[in-house]
Number of protein chains: 2
Amino acid sequence: MSSDRISAQMDFLTTADQLKSVSRATTLADGSRSENSAEHSWHVALYALVLGEHAPEGVNTDRVIRMLLLHDLVEIDAGDAPIFGEHDAAALAEQESAAAERLFGLLPGDQGRALRALWDEFEGNVTPDAQFAKALDRFQPPNQNLASGGGSWISYDVQYDTLVARVGSKIAHGAPMLWDWLQPRVAAFFERMR
Amino acid sequence: MSSDRISAQMDFLTTADQLKSVSRATTLADGSRSENSAEHSWHVALYALVLGEHAPEGVNTDRVIRMLLLHDLVEIDAGDAPIFGEHDAAALAEQESAAAERLFGLLPGDQGRALRALWDEFEGNVTPDAQFAKALDRFQPPNQNLASGGGSWISYDVQYDTLVARVGSKIAHGAPMLWDWLQPRVAAFFERMR
Ligand SMILES: [Ca+2]
């Protein structure tokens, strides 16, 4: 029945509200406070909408936007794992998978399976859509840090080589044109910090 | 040149970050603080993704998601006008139009015009896509208020009839199935508050 379906969907959407209380390592562009994962999700979806034209051939921007709207929901249970922090990758993957099971499980069965598959695709980072989505997820924080004057690079004492290895490689992989644009800007920032 | 294009797009995207600092009348579902317009934009885009199946025939959910990602950007300059507050509608429309001019004007010309047209379509509230998007924008706050135990209904001393007139009518217009679901829940809440 359609009313039961809407009730299940509203359970999911009201639970999703908790993503607004998950704090990230990255700050707002003005450095005034930490960004939360809900507003980050909006921001990267907007990145996809605006920068989709620079995606490699065959990428479907609307699917990428959908992935990015969902990509961090698991953090409601598992928290945000800062990219420059240390964590047990296997334990985190298990927590996130349990979170996906619980959260997408709130939805009607068919829809829960479809959205879980989209999140799995994002995590798998194999399809061009997932690689572009992941590249945008990695591309936004350096731009926030450049705007705020260092942000999480300062708080995590990040070196240029670490940044290229952990972040640049993923951006270059899924969105080479965006890395070509960003790389000289980041290099100049770290040069000035020496 | 593609690099200049990306620079203009990044100007727009970094300016858009300011939407995270625009506060709304509605609170988080747990009532802990006011929601900001960026996380609200994420939430209603997620509503569209999940509830798109209940849209009237012919609605394109992906276009609705794009509209909702953009719909509040003008608040960066014009602020959020609470739906139950008093304001000069003509003056507000003028402020928002000037904001759209400035913000979409940061983008490359062709793209700025396309996204401005999408925002104008949302504001116009004439096409089925715009009416469904607008309905979702009106549907989310009552659900937040039901979850938090009253929220902006309490702070603005809202009566049931006012709610039906200002909010229910727009939801019923663009998403009748969602109003059918919500109306008895809202009516029961106001009945309990008597
Ligand atoms: Ca994350």
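We did not get these values from a lab; they are worked out from the coordinates using the rules stated. Model, not experiment: these values are computed from the prediction. Neighbour counts run over all protein chains shown; Cβ positions are idealised from the backbone, glycine included.
A few notes on this one:
- Dipole magnitude (debye, nearest 20) for chain B, charges at Cβ of Lys, Arg, Asp, Glu: 440
- Applying both filters, DSSP loop and at most 13 other Cβ atoms within 10 Å, to the GluC sites (Glu not before Pro) of segment B:71-127 gives B:GLU86.
- Ranking B:LEU163, A:ALA114, A:GLY31 by how far each Cα lies toward the positive end of the dipole of the protein assembly as shown (charges on Cβ) leaves A:GLY31 at the top.
- Comment: the Cα-to-Cβ extended label point of B:LEU106, at 7 Å, lies 3.2 nm from its counterparts in the other copies, nearest first.
- Charging the Cβ of each Asp and Glu at -1 and of each Lys and Arg at +1, and nothing else, the dipole of segment B:12-79 about its Cα centre rounds to 80 debye.
- Largest-first principal axis extents, alpha carbons of the protein assembly as shown, Å: 65, 48, 37
- Charge context of B:ALA147, other residues only, Cβ under 12 angstrom, K/R +1, D/E -1: -3
- Cα gyration tensor, segment B:49-151 - rounded (a/c under 1.5), prolate or oblate: oblate
- Sequence of B:SER148, A:SER37 once ranked by neighbouring C-beta atoms within 10 Å, starting from the fewest: B:SER148, A:SER37
- The other copies place their B:ALA89 label points at 5.8 nm from this one, listed shortest first, where each point is 7 Å from Cα along Cα→Cβ.
- Around the Cα centre of the protein assembly as shown, unit charges on the Cβ atoms of Lys, Arg, Asp and Glu (plus for the first two, minus for the last two) sum to a dipole of about 120 debye.
- Counting only residues at least eight positions apart within a chain, or on another chain, the lysines with an alpha carbon under 21 Å from that of A:LYS20 are A:LYS134, B:LYS20.
- Here is how the number arises for the protein assembly as shown: DSSP H runs of 4 or more residues each give -39500 (n - 2.57), the sum is divided by the residue count, and the result at 222 nm is -20500 deg cm²/dmol.
- Net charge, B:ILE83 excluded, C-beta distance under 9 Å - Lys, Arg +1, Asp, Glu -1: +2
- Span from the segment B:18-40 Cα centroid across to the segment A:126-152 one, whole angstrom: 24
- Counted by neighbouring Cβ atoms within 10 Å, the residues B:ASP137, A:ASP157, B:ASP30 run from fewest to most as A:ASP157, B:ASP30, B:ASP137.
- Sparsely packed loop sites in segment A:7-102 (the trypsin sites (Lys or Arg not before Pro) outside DSSP H, G, I, E and B with at most 14 other Cβ atoms within 10 Å) comprise A:ARG33.
- Inter-copy separations for A:ASP161, label at 7 Å along Cα-Cβ, nm, ascending: 7.4
- Neighbour counting of Cβ atoms within 10 Å sorts the residues A:ILE171, B:ILE83, fewest neighbours leading, into B:ILE83, A:ILE171.
- Inverting the pair-averaged 1/r between distinct Cα atoms of segment B:2-193 gives 17.4 Å as its Kirkwood hydrodynamic radius.
- Positive minus negative residues near B:GLU53 (Lys, Arg vs Asp, Glu; Cβ under 12 Å): -1
- Projecting label points 7 angstrom from Cα along Cα→Cβ for B:ALA117 and B:SER2 puts them 2.5 nm apart.
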